[in-house]
1. What residue among GLY25, GLY34, GLY14 shows peak mean-square fluctuation when the chain is described by a Gaussian network model with Cα springs under 10 Å?
2. Under 25 °C and 0.890 mPa s, how fast does the range 13-89 diffuse according to Stokes-Einstein, given a Kirkwood radius computed over C-alpha pairs? Answer in µm²/s, whole number.
3. Out of the DSSP beta bridges found with both residues in the chain, what percent are antiparallel (nearest 5)?
4. Taking the Cβ-Cβ separation of ALA39 and ALA73 as r and a Förster radius of 35 Å, what is the calculated FRET efficiency to the nearest 0.05?
5. Treat each spin label as a single point 7 Å out from the Cα along the C-beta direction, and report the LYS97 to THR56 distance in nm.
6. Just to be sure I understand: with springs between alpha-carbon atoms less than 10 Å apart, which residue in LYS85, LYS74, LYS97 has the highest mean-square fluctuation in the Gaussian network model of the chain?
7. Could you give the dipole magnitude of the chain about its Cα centre, charging the beta-carbon of Lys and Arg +1 and that of Asp and Glu -1, in debye to the nearest 20?
8. I need the Debye-formula profile for the range 24-65: one equal scatterer per C-alpha, no solvent, reported as log10 I(q)/I(0) at q = 0.19, 0.22, 0.25, 0.26 1/Å, two decimals.
Amino acid sequence: VQLVESGGGLVQAGGSLRLSCAASGSIFRLNVMGWYRQAPGKQREPVAAITSGGGTSYTDSVKGRFIISRDNAKNTVYLQMNSLKPEDTAVYYCNLKMVSDYWGQGTQVTVSS
């Protein structure tokens with residue numbers, strides 16, 4: 001299984017970015033895809049997740065600002081990030097949960113004040 005992320009970058013506070021993550025390989029029909037992030041000097045933390053049935057969950061700090069979605073036909077998950085804040089600055093990692101956990105390589109998101 002491979003996860004390839006795209007869409008990170010530098011944005012001003014209040015701006016938006018959209019992350020994408022495409023999974024390839026042997027993907028079970030039932031799975032959970034999501035995003036984690038790790039800021040410098042901090043532990044990796046969950047941001048949002050979506051089941052293959054469309055159920056979603058978000059960490060409190062991004063509720064109302066971030067939207068996670070997926071295209072099951074393409075095994076792709078998206079994270080639309082709006083109203084970005086400097087504290088959202090981190091490396092964002094795509095995650096796929098099946099029997100095991102799979103991770104993308106990470107994409108940097110930097111929000112300037």
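Nothing in this text is a laboratory measurement; each read-out follows from the coordinates by a stated rule. None of the values given here were measured: they were computed from a predicted structure. Cβ coordinates were reconstructed from backbone atoms using ideal geometry, including for glycine residues, and neighbour counts include every protein chain displayed.
1. Residue with maximal mean-square fluctuation among GLY25, GLY34, GLY14: GLY25.
2. Working: Rh = 13.2 Å.
After rounding, the answer is 186 µm²/s.
3. Numbers: 39 of 43 bridges.
Percentage antiparallel, nearest 5: 90.
4. Details: r = 33 Å, r/R0 = 0.95.
For ALA39 and ALA73, the calculated efficiency is 0.55.
5. 1.7 nm
6. Of the options given, LYS74 has the highest mean-square fluctuation.
7. Values: 11 positive and 7 negative charges, 27 e Å.
In total the dipole reaches around 120 debye.
8. -0.68, -0.80, -0.90, -0.93
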